[in-house]
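These notes concern the structure reproduced below.
The values are calculated or read from the model by the stated rules, or taken from the named source; none is laboratory data. Computed from a predicted model, the values in this text were never measured in an experiment. Note that each Cβ is placed from the backbone with ideal geometry, even for glycine, and that neighbours are counted across all protein chains shown. In case anyone asks, the SASA skips ligands and DNA or RNA and just uses the protein heavy atoms, side chains included. Shrake-Rupley method; radii C 1.70, N 1.55, O 1.52, S 1.80 Å.
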Amino acid sequence: MEYVLAALAGYLLGSIPCSALVAARHGVDLRAHGDGNPGAWNALEQLGARRAWPAFVGDGLKGTAAGLIGLALGGVWVGYVGVAAAMAGHAWPVFARLRGGKAVMTFAGGMFAVAPVAAALALALCAAVTLAARSFAWGARAGVFGVVPLQLALDGAQRTAATGALMCLIGLLFLVRRSAGPATSAPGAARRA
């Protein structure tokens, strides 16, 4: 029963369109700009960092909250179910006709619930690479991909395999959404408007 409750709570949390709401507050429809993805990265490209940071926080907190609910209901494996459901809700949101984003930030936020030490170290890696390369894009990649070896060293193979399964969902979403093609507006157009 706890798995079902965690999945339901996670899916509903994941379905909240945080990035789209942040962008709409600034008069931008993310589906009509950039790559058409209603997620935090497109919000960053359209709004700039100063206006988009709430999108990153909101999308991340959906995963964190879902993971924490799962942990409270039944432990780490139920926490993983909550995070997976939040990612599914972000990708196929009930509140947006099943048209969502790629769930990267929801995954990242969920890691703070199910693998907090590895997630904190991955965040530090993200910051270090961002500063060294002067590129948040490279820092974000380093943080997301760095969480797996960090978690393997800290939590062992079973939990790291579960994290890998969540990352496979992200990979699948990138493949599926790539075939849909980008939106017609140029990236950053809304930021300049």
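Couple of notes before you dig in:
- Selection count where residues are open to solvent by less than 50 Å² (accessible area, probe 1.4 Å), modelled with pLDDT under 95 and either basic (K, R) or part of a helix (DSSP H, G or I) (or both), scope region 1-25: 5
- Residue-level check: of (1) buried (at least 21 other Cβ atoms within 10 Å of the Cβ); (2) without any contact (Cβ under 8 Å) to a residue 24 or more places away in the chain; (3) at positive phi, G75 misses just (1).
- Those residues of region 35-46 which are assigned to a helix (DSSP H, G or I) and in contact with a Phe, Trp or Tyr (Cβ under 9 Å, 6 or more places away or on another chain), in sequence order: A40, W41, A43, L44
- Filtered by the rule that a residue be open to solvent by 10 Å² or more (accessible area, probe 1.4 Å) and either of a type in the set (S, T, N, Q) or within 17 Å of the chain's Cα centre (by Cα) (or both), region 32-49 gives D35, G36, N37, P38, W41, L44, E45, A49.
- Flag if A153 is under 24 Å from Y11 (Cα atoms), part of a helix (DSSP H, G or I) and aliphatic (A, V, I, L, M): no
- Hits in region 77-94 - residues which are more than 10 Å from A7 (Cβ to Cβ) and in a helix (DSSP H, G or I): W77, G79, Y80, V83, M87, H90, A91, V94
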